[in-house]
Amino acid sequence: MTSDTQLHELLRGAAWLPEDVRRADRYTPIDEAPLGSGTTLFLLSVVGGPAHGRLLFAPAHTDATGRLADAQGSEAFDLACVRLMAAGGRIPTARGGHVEFRGGGAAARAVSPLPFAQGWSSNSLSLLDIDGRPHLHKAYRTLGAEVREPELLRLMNGSGHTPRWFGDYGYVPPGGAERLALGVVYTYTPGSGIDTPLRANLRALWPRLTGDATGTQEPGGTDDTGGSGGLDGLVREHLAPLAGPLRTARSFLGGFHEELRTRLGRGTPPPDYPIERALRAAEERCHALAERAREGVELPPAALEKAFCSLASEIELLRTAFDATGTHPAGPCHGDLHLSHLLWDPPRLIDISTPGTGPDEPGWAEQSPLQDLVALGRALEYFSADEAAYESARLLGVDSTETMLASLDGGAGMPPRERSVLLLVFEAADRWRRHVAGLLLTRDGSEGSDGSDRSDGSDGSDGSDGSDETFAGPERGLPVEPLHRLLYLRRLLHELDYNFAHARPYHAAIDLRHAMALGHPSPLPLTLTTRT
């Protein structure tokens, strides 16, 4: 076995290392296997610090100076892994386990590296030409049972919803315990996430609001009827070129969820979602976050108080709603869907994180297709608020953190002209977001709300007409089922917890904007179902 000191030095200098792992006391090798060509596959455990017990995968080779160097992304590492996948190879480890390679039967006659700038990633990515077709090799840095992507790509292979699976490899500890995914190779799908055309569209909207920031009006001064002269009409007309692609993406998501249900569920009836456990966990997390907020989170106290009152009210409303509606079916989902994970031309999904890969898996019941739509709705909330903060900051000549925090109370302390700019930009972004959500996340891909369904609490108004059926978020007055609202609440609390823990007041302010809109009973009937 390689010495602890060598491995410690290798990891301490790694650029990819998360801060909590970097603060470990040491890194202890738990097993290793020779890959060939001077490369060794190391598995290590983090000892001490906030990431104690985490498992790491660190392929390494000896460089010209005799020191261990990271092998992930190197040509020797990539080619050896691909050839072992094609052959279905197995490598014994030093402590009696093995690394198992499996593939789809492709011969891999010609393999060569391709230029690829992966940018920062928590995993290692490299681009390979395999028999004339580009493929991605993803090697995981952190190991655990939650890394299910290789198995999901294998199960979904050929569905047309995910990249084609070439092969993968995993570590089986001594005694044949649970296999831990180490890496996967799949076909490279060129294209960009759906955030790319959305960003271009929203940024092109700003100049159309006003040619001169000094001439802006408050949102209430526009024609809110949706006519051609109003802000809502402008947003609808501006989004028209994306209506088709967004509806196509929505239809694609429905097909993906049905394919997941068929392939992963193997025809078994969907279980009931564990409502009480999820509600209890949300309530406990909400209380813990409220206590943390009282300990000095750098956010406006009034906004924090209002947000946590709204969150508590929403939990109580959900308890009542669930008491009146019976059971709610679960179903498999992507698991952690972001705008960048939904490629749009043509539609494909990447980075799948399904909580359970089959009815016999522990996380199978605690997931739902609605989870994916909620995740995309939350991503739209972050996306549009972030763009609005930067645009209003540019117009006002201030920092975007200032405009984001001011959006929490509608710029109550700002001079009238500056407040007018802030309100117009954020209102336009909110209306734009709601129309995007209508096209991307509603059952029939309708444009949804006329924009008057709610104000996010940013201007002190209450207007709600509940005119669309959207999965984007439980906006005031919208007829969404309790499970969707619960999933939205859980996602918002998870993200608020993350932003508190990582001292990100800018992003936490976005969470507060939408938390403040919760806790209001809908006067409309529940019309949506879990099945997408």
**Request:** Considering each residue of region 485-503, count those that are more than 24 Å from Asp409 (Cβ to Cβ), at pLDDT 95 or above and not basic (Lys, Arg), and give that number.
**Result:** 3
**Asked** Which one of the conditions (1) part of a loop (DSSP other than H, G, I, E, B); (2) in contact with an Asp or Glu (Cβ under 6 Å, 6 or more places away or on another chain) does Gly66 fail to meet, given that it meets all the rest?
**Response** (2)
**Message:** When you check Leu512 against the structure, is it under 19 Å from the mean Cα position of the chain (by Cα), within 16 Å of Leu380 (Cβ to Cβ) and either assigned to a helix (DSSP H, G or I) or at pLDDT 65 or above (or both), yes or no?
**Reply:** no
**Complete:** Taking region 35-89 and the residues there that are of a type in the set (D, E, K, R) and closer than 14 Å to Gly183 by Cα, the one that is nearest to the chain's Cα centre (by Cα) would be Asp78
**Prompt:** With (1) part of a helix (DSSP H, G or I); (2) open to solvent by less than 40 Å² (accessible area, probe 1.4 Å); (3) without any contact (Cβ under 8 Å) to a residue 24 or more places away in the chain as the list, and Phe383 as the residue in question, which single condition is left unmet?
**Reply:** (3)
**Asked** If we scan region 422-437, do we find a residue that is aromatic (Phe, Trp, Tyr), farther than 28 Å from Gly255 by Cα and either modelled with pLDDT of 50 or more or in a helix (DSSP H, G or I) (or both)?
**Response** yes
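A quick yes/no check of all residues on (1) under 20 Å from Leu339 (Cβ atoms); (2) modelled with pLDDT under 90:
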| position | (1), (2) |
| --- | --- |
| Gly175 | no, yes |
| Gly183 | no, no |
| Gly191 | yes, yes |
| Arg208 | no, no |
| Gly215 | no, yes |
| Leu231 | no, no |
| Ser251 | yes, no |
| Arg261 | no, no |
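Per-residue answers, yes or no, for (1) in a strand (DSSP E or B); (2) under 26 Å from Leu289 (Cβ atoms); (3) small (Gly, Ala, Ser); (4) in contact with a Lys or Arg (Cβ under 8 Å, 6 or more places away or on another chain):
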residue	(1), (2), (3), (4)
Ala312	no, yes, yes, no
Glu316	no, yes, no, no
Thr320	no, yes, no, no
Gly331	no, no, yes, yes
Leu337	no, yes, no, no
Arg348	yes, no, no, no
Asp351	no, no, no, no
Thr354	no, no, no, yes
**Request:** Read through the list (1) buried (at least 24 other Cβ atoms within 10 Å of the Cβ); (2) at pLDDT 95 or above, then give the number of the only condition that Leu478 fails.
**Result:** (2)
**Condition broken by Asp168, with the remaining ones in (1) among the charged types (D, E, K, R); (2) at pLDDT below 95; (3) in a strand (DSSP E or B) satisfied** = (2)
**Request:** For residues that are touching a residue at least 60 places away in the same chain (Cβ under 8 Å) and acidic (Asp, Glu), tally how many sit in region 16-74.
**Result:** 3
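Quick grid of which residues meet (1) closer than 30 Å to Ala281 by Cβ; (2) touching a residue at least 40 places away in the same chain (Cβ under 8 Å); (3) open to solvent by 50 Å² or more (accessible area, probe 1.4 Å):
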position: Ser340; (1), (2), (3): yes, yes, yes
position: Trp344; (1), (2), (3): no, yes, yes
position: Ile350; (1), (2), (3): yes, yes, no
position: Glu361; (1), (2), (3): yes, no, yes
position: Leu370; (1), (2), (3): yes, yes, no
position: Val398; (1), (2), (3): no, no, yes
position: Glu402; (1), (2), (3): no, no, yes
**Message:** open to solvent by 30 Å² or more (accessible area, probe 1.4 Å), part of a helix (DSSP H, G or I), out of contact with any His (no Cβ under 9 Å at 6 or more places or on another chain) and polar (S, T, N, Q): is that true of Thr327 in this structure?
**Reply:** no
**Fill in**
The residue from Leu264, Leu234, Leu239 that alone is assigned to a helix (DSSP H, G or I), farther than 21 Å from Glu495 by Cβ and in contact with a His (Cβ under 9 Å, 6 or more places away or on another chain) is Leu239
**Prompt:** Does region 440-457 include one or more residues that are open to solvent by 10 Å² or more (accessible area, probe 1.4 Å), modelled with pLDDT under 50 and more than 20 Å from Ala303 (Cβ to Cβ)?
**Reply:** yes
**Message:** Return the residues of region 262-285 that are of a type in the set (A, V, I, L, M, F, W, C) and open to solvent by less than 10 Å² (accessible area, probe 1.4 Å); say none if nothing qualifies.
**Reply:** Leu264, Ala278, Leu279, Ala282
**Request:** Could you check, for region 316-334, whether at least one of its residues is under 22 Å from Glu146 (Cβ atoms), in contact (Cβ under 8 Å) with a residue 40 or more places away in the chain, touching a Leu at 6+ places or on another chain (Cβ under 8 Å) and of a type in the set (D, E, K, R)?
**Result:** no
**Item:** Pick from region 336-393, criterion closer than 20 Å to Arg277 by Cα and among the hydroxyl-bearing types (Ser, Thr, Tyr), ranking: nearest to the chain's Cα centre (by Cα)
**Value:** Thr354
**Message:** If I filter region 25-48 for residues that are on the phi < 0 side of the Ramachandran plot, at pLDDT below 85 and surrounded by 16 or more Cβ atoms within 10 Å (Cβ to Cβ), do I get at least one hit?
**Reply:** no
**Request:** Return the total of residues in region 267-286 being without any contact (Cβ under 8 Å) to a residue 60 or more places away in the chain and in contact with a Phe, Trp or Tyr (Cβ under 9 Å, 6 or more places away or on another chain).
**Result:** 1
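The values are calculated or read from the model by the stated rules, or taken from the named source; none is laboratory data. Quick caveat, the model's predicted, so the values are computed rather than measured. Positions of Cβ are backbone-derived with ideal geometry, glycine not excepted, and every protein chain shown enters the neighbour counts. When the accessible area is computed, the model is the full protein with side chains, heavy atoms only, and any ligands, DNA or RNA have been set aside. Shrake-Rupley method; radii C 1.70, N 1.55, O 1.52, S 1.80 Å.
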